[in-house]
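Q: Attaching a single structure in structure tokens format; questions to follow.
The values are calculated or read from the model by the stated rules, or taken from the named source; none is laboratory data. What you see is a predicted model, and the numbers here were worked out from it, not measured in a lab. For neighbour counting, all protein chains shown are included, and Cβ atoms are generated from backbone atoms with ideal geometry for every residue, glycine included.
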Amino acid sequence: MLPHGEEKPPSRRMKRYWKIAVLANIKDESQQKPEGVPPDAFADFDHIETVDSLRSALETDGHTTVFIQADRDLPYALREEQPDICFNIAEGLGGDAREAQVPALLEMQGIPYTGSRVLTNGISLDKTLTKRIWRDRRLPVAPFQEFTIGDEPIRPELEFPLFVKPAREGTGMGVDMNAIVHNEKELRDRANYIINTYMQPALVETFLPGREFTVGVMGRADAKLYSRHPEWYEKDGFHRFPILELDSSRSVTPLVYSQAAKSKEVGEEGAPGYFCPAPLEPELEKKLKTFALRAHQLIYALDISRTDIRLDKDGNPRLIEINTLPGLTPDYSDLCLQAKSEGIRYEDLILDILYLGASRWGMLEPREYPQDTSKKK
Ligand SMILES: Nc1ncnc2c1ncn2[C@@H]1O[C@H](COP(=O)(O)OP(=O)(O)OP(=O)(O)O)[C@@H](O)[C@H]1O
Ligand SMILES: [Mg+2]
């Protein structure tokens with residue numbers, strides 16, 4: 001039996017070239033933000049240039065593409081465009097599991113799409129829930145507590161300094177230097193600010209002062225059968241990207257990979273330093289890669305993810321969060337930098353994400369059938 005979420009529906013008519021709809025929420029800088037939204041609202045939306053890059057990459061293999069904005073008109077646009085498959089990078093539009101909205105709609109309409117499915121994208125956006133799952137299976141996470149009203153009694157295992165952030169945001173939203181709090185007053189003030197501004201719980205965890213890494217994985221057990229680059233995948237079907245280390249010491253927000261730091265171009269003044277592959281002891285490197293893969297599997301992530309990990313004050317890795325819709329802007333997004341550092345071209349990365357997804361929906365013949373050993377004595 002295949003792992004959760006990897007069941008294949010009956011084969012579709014095999015076509016060599018597909019019509020692919022790239023689904024995304026695009027930033028519209030010209031539009032005024034609605035009232036009452038946080039100062040960094042929509043920071044995780046994509047620029048149209050990212051969609052253009054994805055489309056060009058997909059078209060290099062002969063497919064045709066169309067961009068559809070993942071807004072409330074998406075169901076009508078899908079009916080009109082009739083794509084064979086969607087390349088999904090949509091962040092969604094509010095609610096408690098916005099990254100799961102587009103997958104849910106596509107599942108309902110029976111339209112194939114790339115990447116993780118509904119449940120996973122709902123869980124991974126919720127950092128508290130994700131950490132509860134990881135902690136339950138002994139993956140190392142910092143002590144944490146979710147504040148929903150702000151004046152909850154503080155759990156004894158939480159020692160200052162603490163780190164306070166929205167439980168369900170990405171791209172450093174709600175994360176700046178004030179996220180680090182040193183006493184109860186600062187903690188209460190920050191938790192209340194997060195709860196009231198972002199209209200969601202505040203996740204409070206031990207501040208991790210050590211090195212910061214982001215660890216990408218791609219694949220699944222039978223990836224070699226569908227990939228254009230089977231040599232990328234290890235025996236277990238997964239590719240581990242070179243680990244990227246962030247050096248925030250000279251960034252606009254020293255020690256914190258904040259929204260302000262993330263919005264800087266690579267190499268720009270105030271941007272963090274990026275080292276890829278990170279200079280690592282083989283033992284620590286192995287640990288980080290093992291944790292990232294377990295983190296991916298434990299929430300049933302599919303095809304691709306990026307897990308953020310930091311070292312605690314004793315130098316032990318602690319998992320911070322997982323991104324099941326990692327940014328895919330060429331030469332900018334962490335995962336693209338990781339792929340590039342080992343010579344994987346952007347086009348090839350994007351096409352492998354496509355084919356891993358498509359094969360799960362029965363759109364591709366496997367490269368070769370696994371040997372049938374059942375008749376052997
Ligand atoms: N417990 C912690 N201790 C120290 N720093 C932290 C902690 N939690 C988060 N950070 C810092 O804040 C940054 C953003 O946090 P996190 O990765 O949870 O948020 P995000 O906005 O979802 O990120 P992404 O852009 O990867 O989606 C981290 O990269 C790290 O620098
Ligand atoms: Mg992160």
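Q: Do we have Ala271 as assigned to a helix (DSSP H, G or I) and within 14 Å of ligand 1 (Cβ to nearest atom) here?
A: Details: assigned to a helix (DSSP H, G or I): no; within 14 Å of ligand 1 (Cβ to nearest atom): yes.
Considered against the rule, which asks whether it is assigned to a helix (DSSP H, G or I) and within 14 Å of ligand 1 (Cβ to nearest atom), Ala271 comes out as no.
Q: Looking only at strands (runs of 3 or more DSSP E) that fall completely inside region 129-213, which ones have 1 or more residues that are touching a Leu at 6+ places or on another chain (Cβ under 8 Å), under 30 Å from Glu35 (Cβ atoms) and within 16 Å of ligand 2 (Cβ to nearest atom)?
A: 162-166
Table: residues versus (1) closer than 29 Å to Asn316 by Cβ; (2) in a loop (DSSP other than H, G, I, E, B); (3) within 16 Å of ligand 2 (Cβ to nearest atom).
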| residue | (1), (2), (3) |
| --- | --- |
| Arg228 | no, yes, no |
| Glu231 | no, no, no |
| Lys235 | yes, yes, no |
| His239 | yes, no, no |
| Pro242 | yes, yes, no |
| Thr253 | yes, yes, yes |
| Gly267 | no, yes, no |
| Leu280 | yes, yes, no |
| Leu284 | yes, no, no |
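Q: Return a yes/no flag: does region 156-168 have any residue that is acidic (Asp, Glu) and crowded, with 21+ Cβ neighbours inside 10 Å.
A: no
Q: Would you mention how many residues in region 322-332 are surrounded by fewer than 20 Cβ atoms within 10 Å (Cβ to Cβ) and either of a type outside the set (D, E, K, R) or near ligand 1 (Cβ under 10 Å from one of its atoms) (or both)? Talk me through it step by step, then tell me what you get.
A: Of all residues in region 322-332, those surrounded by fewer than 20 Cβ atoms within 10 Å (Cβ to Cβ) come to 327, 329, 331-332.
Of the ones still in play, those that are also either of a type outside the set (D, E, K, R) or near ligand 1 (Cβ under 10 Å from one of its atoms) (or both) are 327, 329, 332.
Number of matching residues: 3.
Q: Without any contact (Cβ under 8 Å) to a residue 40 or more places away in the chain, more than 15 Å from the chain's Cα centre (by Cα), within 30 Å of Pro166 (Cα to Cα) and crowded, with 19+ Cβ neighbours inside 10 Å: is that true of Ala271 in this structure?
A: yes
Q: Out of all the residues in region 64-73, which are surrounded by fewer than 22 Cβ atoms within 10 Å (Cβ to Cβ) and under 24 Å from Pro326 (Cβ atoms)?
A: At the first step, the residues of region 64-73 found to be surrounded by fewer than 22 Cβ atoms within 10 Å (Cβ to Cβ) are 64-69, 71-73.
Within region 64-73, Thr65, Val66, Phe67, Ile68, Gln69, Asp71 meet the criteria.
Q: Looking only at region 193-231, filter to residues that are aromatic (Phe, Trp, Tyr) and over 15 Å from Tyr355 (Cβ atoms); which one of those is modelled with the lowest pLDDT?
A: For region 193-231, the residue satisfying everything is Tyr198.
Q: Conditions: (1) more than 17 Å from Ser333 (Cα to Cα); (2) more than 15 Å from ligand 1 (Cβ to nearest atom); (3) touching a residue at least 24 places away in the same chain (Cβ under 8 Å). Thr253 meets all but one. Number of the miss?
A: Going through (1) more than 17 Å from Ser333 (Cα to Cα); (2) more than 15 Å from ligand 1 (Cβ to nearest atom); (3) touching a residue at least 24 places away in the same chain (Cβ under 8 Å) one by one, Thr253 breaks only (2).
Q: Same structure again: Looking at Asp314, Asp352, can you tell me which residue is farther than 23 Å from Gly122 by Cβ and outside any helix (DSSP H, G or I)?
A: Answer to the selection: Asp314.
Q: Is it the case that region 333-344 has a residue that's in a loop (DSSP other than H, G, I, E, B), within 16 Å of ligand 2 (Cβ to nearest atom) and modelled with pLDDT of 95 or more?
A: Checked region 333-344: at least one residue is in a loop (DSSP other than H, G, I, E, B), within 16 Å of ligand 2 (Cβ to nearest atom) and modelled with pLDDT of 95 or more.
Q: Hey, another quick one. Got a sec? Which of Val164, Val217, Val175 is in the same structural domain as Lys264 (by TED's automatic domain parsing) and either touching a Phe, Trp or Tyr at 6+ places or on another chain (Cβ under 7 Å) or not polar (S, T, N, Q) (or both)?
A: Going through Val164, Val217, Val175 in turn, the sole match is Val217.
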